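The values are calculated or read from the model by the stated rules, or taken from the named source; none is laboratory data. This structure is a prediction, so every number in the text was calculated from the model and none was measured. Neighbour counts run over all protein chains shown; Cβ positions are idealised from the backbone, glycine included.
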Amino acid sequence: MGLLREGINEVIATTRTNAAPMGIVCRDGALRMVLFKGSHTARNVERDGWIVANFIYDPVIYVQTAFDDLPPDRFVEEVVDGTPMHRLPDAEAWIAFSAGVERSGGESVIVRLLPLREEVVQLRLHPVNRGFNSIVDATIHATRYVRTGDPWLERLIDHHAAIVRRCGGAREWEALELLNRYLGRQNTE
């Protein structure tokens, strides 16, 4: 599969009418995801045995799917190896995986991924944008912050928010405003 590279690849993962930002860990040729126990994504993977990685470069979608459910009409169905799977219609590329629980721990589930099909829908160049990257990082910290209330995570969110304000464009600023609303925080300039 040519769309993933060594390290953690941030995507919008979809399961049955569910979407959430996730990292696909690619190490030594093995692909895995770490899912929070009890999440929609973990329950769907355990039940259905598949997940789709959607490559999307819209920072608002990363924030929105971290904290909210998308309506069912925001998904399209793809049949992969006889299994109906859901993906996002705006994905520039996607990979369908069979997925199975490899190990289960206290708060997380480690899922092993086996690629079944990948498709590039629209090839576009995305220059590195620190504002976009910082929205992704701030969103990851925010999902953990709402679970723990850890002040260190709040400081990290603030750090990334400053980068978004300095390096991002209109869509990143909109994503930051949305993130702050989900966190119940004031937007500051």
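Structural remarks
- Residue within the range 71-87 that is assigned to a helix (DSSP H, G or I), surrounded by 14 or more Cβ atoms within 10 Å (Cβ to Cβ) and either touching a residue at least 24 places away in the same chain (Cβ under 8 Å) or not acidic (Asp, Glu) (or both) present: yes
- Pairs with Cβ under 7 Å, 6+ apart, first in the range 130-145 and under 11 Å from Ile163 (Cβ atoms) and aromatic (Phe, Trp, Tyr), second at pLDDT 95 or above and in a helix (DSSP H, G or I): Phe132/Pro59; Phe132/Glu172
- Qualifying residue in the range 146-160 (condition: among the polar types (S, T, N, Q) and assigned to a helix (DSSP H, G or I)): yes
- Residues in the range 88-115 that are touching a residue at least 60 places away in the same chain (Cβ under 8 Å) and charged (D, E, K, R): 3 in all.
- Boolean, Ile12 is touching a residue at least 40 places away in the same chain (Cβ under 8 Å) and either touching a strand residue (DSSP E or B) at 6+ places or on another chain (Cβ under 6 Å) or part of a strand (DSSP E or B) (or both): yes
- Note on the range 24-46: residues that are in contact (Cβ under 8 Å) with a residue 24 or more places away in the chain and of a type outside the set (A, V, I, L, M) total 7.
Residue-wise test of (1) closer than 20 Å to Leu88 by Cβ; (2) in contact with a Gly (Cβ under 6 Å, 6 or more places away or on another chain); (3) modelled with pLDDT of 95 or more.
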residue: His126; (1), (2), (3): yes, no, no
residue: His141; (1), (2), (3): no, no, yes
residue: Glu172; (1), (2), (3): yes, yes, yes
residue: Leu178; (1), (2), (3): yes, no, yes
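- Among the residues here, Glu107 does not qualify as touching a Lys or Arg at 6+ places or on another chain (Cβ under 8 Å), more than 24 Å from Arg16 (Cβ to Cβ) and at pLDDT below 95.
- Look at (1) hydrophobic (A, V, I, L, M, F, W, C); (2) touching a strand residue (DSSP E or B) at 6+ places or on another chain (Cβ under 8 Å); (3) in a helix (DSSP H, G or I) and you find that Ala53 fails only one, number (3).
- Unique match (being under 23 Å from Phe132 (Cβ atoms) and either in contact with a helix residue (DSSP H, G or I) (Cβ under 8 Å, 6 or more places away or on another chain) or among the basic types (Lys, Arg) (or both)) among Glu10, Glu6: Glu10
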